[in-house]
Ligand code: CP
Ligand code: NVA
């Protein structure tokens with residue numbers, strides 16, 4: 001690991017250089033190879049890690065827990081309702097208390113300001129496990145999965161199709177631009193990313209040789225894409241908008257036809273998960289049209305979604321080891 005990230009927070013990818021992201025991917029791949037070989041490290045031995053979750057999670061929570069235990073740390077889950085954060089105690093006060101007990105703090109929740117405040121006051125590394133604005137640990141897993149599939153990142157075309165202004169679209173734009181990729185946000189105009197963010201990402205891309213396109217046109221957006229990526233049409237906290245999104249985003253469902261429109265036989269499909277791809281969940285039974293990806297694609301030859309989900313663990317481990325490890 002060339003870059004020294006000791007003591008750093010991991011709140012959003014904008015705060016990290018291309019080299020630092022690349023180093024985190026290299027460390028992730030090494031930790032993954034070690035785990036496959038049955039070798040567990042002691043990089044986090046003796047560390048206590050707080051995992052604060054205001055929202056539900058399968059992958060992020062379990063990835064943090066397993067990564068901690070693999071490297072000798074003790075994880076403590078603090079769910080919604082378990083602590084006073086922001087209710088009877090300010091975020092700054094909770095941060096100062098937790099910082100006295102714990103060596104690192106993960107936060108998943110609504111406002112990005114909360115994780116920034118935790119980082120300002122805790123005095124220990126704070127890691128963002130998803131806010132409304134950013135989901136940076138997810139992007140590391142996504143980039144690792146793309147790198148495993150194509151052997152490189154620079155110069156690859158990446159089409160994110162769906163809600164173009166959520167945490168995934170925001171974070172993928174930054175992450176892909178930092179790695180010199182051609183990132184396309186393919187979304188209806190009402191869900192295009194903020195102009196200010198697009199300008200910032202264009203500035204990043206101009207330095208890395210990357211490219212940013214925002215378009216409502218699916219054919220234009222996915223043409224030549226190595227990767228087609230989507231996310232749920234309504235993020236956690238946006239449940240009231242499901243019916244509207246089904247109408248707005250229906251034409252953006254990832255289908256076999258869309259994968260074929262890439263014109264690439266080797267194109268892959270990614271999704272951060274959880275995904276709606278059939279009718280076998282409670283929400284899908286209530287809203288049968290809520291399907292951002294067809295079952296054929298999700299289960300088909302394009303799909304790398306479970307490699308991607310596995311990579312959450314290796315990349316989160318890398319973030320903790322790089323910022324806190326011995
Ligand atoms: N992709 C992701 O963050 O999954 P969870 O919500 O299950 O953590
Ligand atoms: N955009 C989704 C991502 C889930 C991993 C959400 O915030 O709910």
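Looking at (1) within 23 Å of residue 123 (Cβ to Cβ); (2) without any contact (Cβ under 8 Å) to a residue 40 or more places away in the chain; (3) in a loop (DSSP other than H, G, I, E, B), which one does residue 45 not meet, given that it meets all the others?
Checking residue 45 against (1) within 23 Å of residue 123 (Cβ to Cβ); (2) without any contact (Cβ under 8 Å) to a residue 40 or more places away in the chain; (3) in a loop (DSSP other than H, G, I, E, B), the one that fails is (2).
Take the residues in the range 255-277 that are within 14 Å of ligand 2 (Cβ to nearest atom) and closer than 20 Å to residue 158 by Cβ, then tell me which one is surrounded by the fewest Cβ atoms within 10 Å (Cβ to Cβ).
Here the residue is 273.
Tally up the residues in the range 221-254 that are touching a strand residue (DSSP E or B) at 6+ places or on another chain (Cβ under 8 Å) and either surrounded by fewer than 18 Cβ atoms within 10 Å (Cβ to Cβ) or not in a helix (DSSP H, G or I) (or both), please.
Matching residues across the range 221-254 total 10.
Taking the range 46-75 only, how many residues are within 13 Å of ligand 1 (Cβ to nearest atom) and on the phi > 0 side of the Ramachandran plot?
0
If a residue counts only when it is within 16 Å of ligand 2 (Cβ to nearest atom) and crowded, with 23+ Cβ neighbours inside 10 Å, which helices (runs of 4 or more DSSP H) contained entirely in the range 66-165 have at least 2 such residues?
Answer list for the range 66-165: 136-150.
Considering only the range 166-200, how many residues are assigned to a helix (DSSP H, G or I) and touching a residue at least 40 places away in the same chain (Cβ under 8 Å)?
Of the residues in the range 166-200, 11 are assigned to a helix (DSSP H, G or I) and touching a residue at least 40 places away in the same chain (Cβ under 8 Å).
Quick one: count up the residues across the range 53-65 that are touching a residue at least 24 places away in the same chain (Cβ under 8 Å) and either in a loop (DSSP other than H, G, I, E, B) or more than 16 Å from ligand 2 (Cβ to nearest atom) (or both).
5
Only one of these is away from ligand 2 (no atom under 16 Å from the Cβ), modelled with pLDDT of 95 or more and in contact with a strand residue (DSSP E or B) (Cβ under 7 Å, 6 or more places away or on another chain): 33, 50, 43. Name it.
Criteria check complete, one pass: 50.
Using beta carbons and a limit of 6 Å, which pairs, at least six apart or on different chains, have the first residue in the range 269-285 and closer than 23 Å to residue 222 by Cβ and in contact (Cβ under 8 Å) with a residue 60 or more places away in the chain and the second one within 10 Å of ligand 1 (Cβ to nearest atom) and assigned to a loop (DSSP other than H, G, I, E, B)?
Once the first residue is closer than 23 Å to residue 222 by Cβ and in contact (Cβ under 8 Å) with a residue 60 or more places away in the chain and sits in the range 269-285, its partners that are within 10 Å of ligand 1 (Cβ to nearest atom) and assigned to a loop (DSSP other than H, G, I, E, B) give 272/231.
The values are calculated or read from the model by the stated rules, or taken from the named source; none is laboratory data. It should be emphasised that the depicted structure is a prediction, and the values quoted were computed from it without experimental measurement. All Cβ positions, even for glycine, are placed from backbone atoms using ideal geometry, and neighbour counts span all protein chains on display.
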